[in-house]
Amino acid sequence: MKSIRKTLTRRLSITISLLVIVVLLAADIGVDTWVQREFNQGLKAKVGMLQSLVNEDLDGVEFEFAGEYFPEFEGASSPEYFQLWYKGQIFEKSESLALYTVDELPFENLSLNEAVINDITLPDGRSGRIIHTKYVPQIDSEDREAFYSVRGEVQRDPMVIAYATSTELLNFTLWFIDIAFLVALIVIPLMVRFVVRNTVSYALAPLDALNNNIRTLRFTATDKHEAFSTNVSELEPIVSSLNHFINDNYALYLREKRLTSDIAHELKTPVSELINLAEVAMKFPGEERLEKDFKPQILRIGMRMKNIISGLMLIQKHSAKQTQLNDLINIEELVAQVVASKAVDNINVVAKERSDVVIHSNRIAVESIFSNLLDNAIEHGKHCEPISVYIGKTPSGQAQIEVTNTTHTEIDESDLRHMFEPLWQKDASRTSEDNFGLGLSIVSALCGAIGAAVTVDKLDHNHISFSVTFKKAS
């Protein structure tokens, strides 16, 4: 199973580490190149300074060098070396060369104004670097006019100069830089992984907390469940959907819990009656007066249990699947037939449309829906108060049946939410032997099966209205 934490940590660590390694390698190469270039520039600057000390006049070439200003060319402590060649002969060299067995610097054949830098071993045995350059000595500005007036523009002999110095400090610096970058290449990826792991863990902490809350959630706990909350914007849609899902499931849990209790309560009474009848019959066997009432009571109790079970099975059947809508139904004719079958005369039917209202649906389901709504209005309405049935269409053209009646008990807004739940009754003590609280549940299940919508509204303190809106034919 893939892990978001491990995947994020691994990918971020690898990506950032590779980026850091590339940057460090580029920086290492750049710094090494810059240090080498600066060292070589120092060689060129030093040899240029030595070149400026050589002058040519009518008397010849002169090297104006003062050792007290350049102690590095005289002492034995970290000495530096130079040497000049003129007309193929050694013209001048530093006193530091005389301190060692190898007292000369190597000569290099060059073109005029060419400079060459090479690595060598210095006379003192240290590793070093030498620069050779070939140039024509300068003429002193004070003697320049006299020089040219005597010799003219003749070609002058060039001079070769060499300057050598140790590269130990340079090598140590380059080595130190390389070691520092190597340590950085090892330490930084480890630090990156540590930081990334902690950052990812911190970022996923709200998700872990949410997971722990989900794991500890129990609908069966005594305390009512609490909706989850978060202050992380990315988790807000998930938490919102999760809360909606939990609330729906909690409502279903409470509904099933209540339904189980109601079923047990509804079946307990007839079962107790059957047990009592059986005990009486066993206590007084052959009693004619008991025999006369015994069978009808058994039948009545059995029919009540059958009706409860049949109603629950009907709800379960139509809650699970859609019903075929193959019948063309005239709503006014169907309403008239159902009203005529009821043994009451206080039902008023009002057609809001001039033309017939016709739908494509399932006739048995629609007839059962309307019949149950009328039975509910007759049973729970005030005696002899009118029951109004309105037939019409919604503004969008959908067929609609509305049943309005006066209730003999006041209905609360909270009651409206439970009216379509199986076995729910306003009378919590369930004193009625004829009502089971299944009629409106059957209406809701059948409406779902044919794609219709049923709603209930409280018009005032004792008037209630049920509306069934049928799906518009496509």
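The values are calculated or read from the model by the stated rules, or taken from the named source; none is laboratory data. Treat the numbers as computed from the prediction; the structure is a model and nothing was measured. Virtual Cβ from ideal backbone geometry, glycine too; neighbours counted across all protein chains shown.
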### Query
If you go through the stretch 71-79 one residue at a time, do you hit one that is more than 20 Å from VAL160 (Cβ to Cβ) and outside any loop (DSSP other than H, G, I, E, B)?
yes
### Query
Which one of these does GLU226 not meet: (1) modelled with pLDDT under 75; (2) closer than 27 Å to LEU438 by Cα?
(2)
### Task
Taking the residues in the stretch 71-114 that are touching a helix residue (DSSP H, G or I) at 6+ places or on another chain (Cβ under 6 Å) and surrounded by fewer than 18 Cβ atoms within 10 Å (Cβ to Cβ) as candidates, determine which candidate is farthest from GLY128 (Cα to Cα).
GLU74
### Summary
Checked the stretch 43-70 for anything surrounded by fewer than 16 Cβ atoms within 10 Å (Cβ to Cβ), in a helix (DSSP H, G or I) and either touching a residue at least 40 places away in the same chain (Cβ under 8 Å) or not assigned by TED's automatic domain parsing to the domain that holds ILE117 (or both); matches are LYS44
### Task
Filter the stretch 86-136 down to residues that are among the charged types (D, E, K, R) and in contact (Cβ under 8 Å) with a residue 60 or more places away in the chain, then give me how many there are.
2
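Residues are listed down the side, and each one gets a yes or a no for (1) among the hydrophobic types (A, V, I, L, M, F, W, C); (2) farther than 15 Å from VAL468 by Cβ; (3) touching a strand residue (DSSP E or B) at 6+ places or on another chain (Cβ under 6 Å); (4) not assigned by TED's automatic domain parsing to the domain that holds GLY451:
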position	(1), (2), (3), (4)
GLU333	no, yes, no, no
ALA340	yes, yes, no, no
LYS352	no, no, yes, no
ARG363	no, no, yes, no
SER368	no, no, no, no
### Query
Assuming GLN324 fulfils every condition listed in (1) within 28 Å of VAL468 (Cβ to Cβ); (2) modelled with pLDDT of 75 or more; (3) not in a loop (DSSP other than H, G, I, E, B) apart from one, which condition is it?
(3)
### Task
Identify all residues within the stretch 356-387 that are assigned to a strand (DSSP E or B) and either touching a residue at least 60 places away in the same chain (Cβ under 8 Å) or under 20 Å from ASN330 (Cβ atoms) (or both); write none if there are none.
VAL358, ILE359, HIS360, SER361
### Task
Could you check PHE107 against (1) assigned to a loop (DSSP other than H, G, I, E, B); (2) at pLDDT 90 or above; (3) under 50 Å from the mean Cα position of the chain (by Cα) and say which number it fails?
(3)
